[in-house]
Structures are given as C-alpha cells and as structure tokens.
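Shown next, in structure tokens, is the structure this report addresses.
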Amino acid sequence: MLKVATQQILILQVNKNLQIMDKAKKEKRYFRIYEQLKQILSASSFEDAKMATILAVLHHKMEYFFWTGFYVLHKGELTVKTYQGPLACQVLEKDKGVCWAAIKSNKTIIVEDVHRFEGHIACDSRSKSEIAVPLQNSFGKPTGVLDVDSAEYNSFDEVDAHWLEMIVKLI
C-alpha cells in the first residue's frame, strides 16, 4: 500500500514540474531555441520550410506546448497552414477566438483560461490556455498568427510572448 502511495506522489510531482517552468529556466530554454533556429533557418529562404522547422523545434522542446501551429490569412479567412499536435480546425470562424483577436489588434494575446475567453474556438477540448502571436509583413500588417495551446491553465506569460515574437521575426 505504501508503494502505491509513493508512486502516486511521484507522478503528481512529475506532472507538477511539467506544468510549471520558472521564468529563469524558460528564458534560458528560449534563448537556446532562438539561437538554434537562427542557425537552422539561414539554410533556406523558403517561408514554409522556416515555419515547419520553427513548429517542430518549439513543439518538441517546450513540454507544455500541446498544439503549435500557424494560421494565415487566405482570401479573408484564417486558415491553418502547418502545425504539430492533434487535428486542427481548418478555417477559424471570422472575427471569433484568440487568433482573430491577435490579427485584429496586431498584438500578442495571452489567455490563461480559454474557457473564459468570450468566443473561444475549441478545436480540441483539452486546450486550457493559449498564446497567439501575429505574423507581420514588411509593412507591419498582420498576415497570420503563431498559435500555441497548452493542456494546462496559465501556461503562458510575458517570457513566452517576448521570445515567440522574436522567433516569428526569423521567418
């Protein structure tokens, strides 16, 4: 009986460690990812290759990233381009949800609890928090978003916003 209780405590502790990454550790991890991406992305000028590479690196290096993808404006619709994680919504309902909020404001949007965000689009019910970072053309006009979901509440903060904004500029 004691063995089972100990295993449960260890499992809870491991899960707790996955949910919470202190800011110093997060800063260091993003710095390493950014430096790695700068080097890798210099090999190609093809935007799709850069986007796919960014997603692969982020999704596999940031353990709290549940879904990681790009939505781009195409014929007035916000359409999925490339992603890592479970099945995505192909087209996001116009002017609704976190991604459209980022497009309309042309600012990064951090949502601690997606269930409390009015108009949230639930592509996967396991998503609990989200960050959407606008992609901008050379004139600063939004052309899409980097969208990241987490299966835990309160996963994203200003550290994520800063580094993800820096990373999308590498495209």
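Step by step: first the residues of the stretch 84-131, then only those that are touching a helix residue (DSSP H, G or I) at 6+ places or on another chain (Cβ under 7 Å) and touching a residue at least 60 places away in the same chain (Cβ under 8 Å), then the one that is surrounded by the most Cβ atoms within 10 Å (Cβ to Cβ). Which residue is that?
Across the stretch 84-131, the extreme among qualifying residues is Ser127.
Scan the stretch 70-98 for residues that are outside any loop (DSSP other than H, G, I, E, B) and under 25 Å from Lys23 (Cβ atoms) and jot them down. Give the derivation first.
Initial filter on the stretch 70-98 (outside any loop (DSSP other than H, G, I, E, B)): 70-74, 77-84, 91-92, 97-98.
Gln84, Val98, listed by residue number.
With the checklist (1) modelled with pLDDT of 95 or more; (2) among the small types (Gly, Ala, Ser); (3) exposed (fewer than 15 other Cβ atoms within 10 Å of the Cβ) in hand, flag the one item Gly144 doesn't pass.
Gly144 satisfies all of (1) modelled with pLDDT of 95 or more; (2) among the small types (Gly, Ala, Ser); (3) exposed (fewer than 15 other Cβ atoms within 10 Å of the Cβ) except (3).
Quick test of your reading of the structure: Ser44 fulfils all but one of (1) in contact with a helix residue (DSSP H, G or I) (Cβ under 8 Å, 6 or more places away or on another chain); (2) touching a residue at least 12 places away in the same chain (Cβ under 8 Å). Name the failing condition by number.
The single condition Ser44 does not satisfy is (2).
Which condition number does Glu130 fail, the rest of (1) of a type in the set (Asp, Glu); (2) over 17 Å from Asp147 (Cβ atoms); (3) not in a loop (DSSP other than H, G, I, E, B) being met?
With (1) of a type in the set (Asp, Glu); (2) over 17 Å from Asp147 (Cβ atoms); (3) not in a loop (DSSP other than H, G, I, E, B) applied to Glu130, the lone miss is (2).
Do we have any residue at all in the stretch 40-53 that's at pLDDT 95 or above and closer than 20 Å to Glu130 by Cα?
yes
Can you name the residue in the stretch 112-127 that is under 15 Å from Phe65 (Cα atoms) and in contact with a strand residue (DSSP E or B) (Cβ under 6 Å, 6 or more places away or on another chain) and is also modelled with the highest pLDDT among such residues?
Glu112
Tell me which of these Ser150 doesn't satisfy, since it passes every other one: (1) touching a residue at least 24 places away in the same chain (Cβ under 8 Å); (2) of a type in the set (S, T, N, Q); (3) closer than 16 Å to Phe70 by Cα; (4) surrounded by fewer than 23 Cβ atoms within 10 Å (Cβ to Cβ).
Every condition holds for Ser150 apart from (4).
The values are calculated or read from the model by the stated rules, or taken from the named source; none is laboratory data. Note that this is a predicted model, so its numbers are computed, not measured. Positions of Cβ are backbone-derived with ideal geometry, glycine not excepted, and every protein chain shown enters the neighbour counts.
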